[in-house]
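Have a look at the structure below before the remarks.
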Amino acid sequence: MDLLNRINDFLTGQLGEFGPLIVVGVLGMFMILLTVPLLLNQPEDPLKKLKRDSETANKPKSKKEQLRQRGGNKKLERFATFLEPQDAEELSAMQLKLRQAGYQSKDAVRFFHFAQFALGILGLFAGFLYVMNLGGNSALSSQQLVMYVIGPGAVGYLLPKYWVTRRVEERKEAIAGGFPDALDMMLVCVEAGQSLDQSIVRVAKELHGSCAALADEFEIVAYEMKAGKDKDRVLRDMATRCGVQDVASFVTVMIQSATFGTSIAEALRVYAGEMRDKRVMRAEEAANKLPTKMTLATMMLTVPPLLIILVGPSVNGILNLGNMSN
């Protein structure tokens, strides 16, 4: 007990009132960071692997297991229950959001949750280091301690979500900007005698330089059509992955044109003209918003120097008169 009391007094004298708590937290973080690589590198038992393979071969896959998409990263697959949502609807929504951000990998959901976990742990560790190095000499309240330690961890945990959200918005803007050009190229290909499938393949090759995101979506459509998937289902899946209203409207037009037997070229010509007009309207809208956005910056950068130039001499003269009268 004397040894523990000495250690407690030493930590309290060096790190303040919360010294023992800080040391215990740092040791816990160190143990977690040391355990995670060991768990990832731990070899799987051959008997368990053989038993699992035999069971999965004989057992029909459920919808939830098919959604998991086995065959990905084996190391991350061991922690699938920890790195993936257990609800099938939540998992499907997370996969859709990551695909809208451009992450098409099978392990995208696992990498996303692993990034949240790792950055959260690093943020907590950075908070502990900050409290030890900078806040140890000063008396910190419990509220400040929680803010300095939990705050960086929360920021690290939410950073991947913010990154994915930004990527989704940027990708949607890129697809909406390049879609009118894609429709024009598709119209040229269809009027030259190519089918819709061939025109999609051609447009996917030509769009890589100007709009890589839309080119990737057209490539996925081309591969799924070659694999024998229903064309209506393929086009609807493309509209869902893109998340852009213009693409969804285009898919609806193509499906209705194929259903009622009307000319695809005529439908493309009308819709491409509408998309060009819509792009011009977007450009005009952005141009009309620009003066409003510049007003505040102009006032902040122009009015204060102007006031200094106009009022400065008068203020200086008043101050000089006051000094002369004194």
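Report the label-to-label distance for VAL188 and SER263 in nanometres (one decimal), using points 7 Å from each Cα along the Cα→Cβ vector.
2.0
Highest mean first, what order results for 150-160, 109-119 on Cβ atoms within 10 Å?
Working: 150-160: 16.9, 109-119: 18.9.
Order by mean packing, descending: 109-119, 150-160.
Rounded to the nearest 0.05, what FRET efficiency is calculated for GLN144 and LEU91 with R0 set to 45 Å and r the Cβ-Cβ distance? Don't skip to the answer; put the middle values down first.
On the way: r = 39 Å, r/R0 = 0.86.
That gives a FRET efficiency of 0.70.
Just to confirm, what accessible area per residue do you get for the range 234-302 at 1.4 Å probe, in whole Å²?
62
If I model a spin label as a point 7 Å beyond the Cα along the Cα-Cβ vector, how far apart are those points for ALA287 and SER314 in nm?
Here the modelled spin labels are 4.1 nm apart.
Can you pull the percent of the range 143-194's accessible area that's carbon plus sulfur, 1.4 Å probe, other chains left in place?
With neighbouring chains kept in place, the figure for the range 143-194 is 63 percent.
At what distance in nm do the modelled label points of ARG276 and GLU206 sit from each other, each positioned 7 Å from its Cα along Cα→Cβ?
Here the modelled spin labels are 1.4 nm apart.
The values are calculated or read from the model by the stated rules, or taken from the named source; none is laboratory data. Just so we're clear, the structure is a prediction, and the values are computed from it rather than from any experiment. Neighbour counts are summed over all protein chains in view; Cβ atoms, including those assigned to glycine, are modelled from backbone coordinates with ideal geometry. We work out accessible area using only protein heavy atoms, side chains counted, and drop any ligands, DNA or RNA first. Shrake-Rupley method; radii C 1.70, N 1.55, O 1.52, S 1.80 Å.
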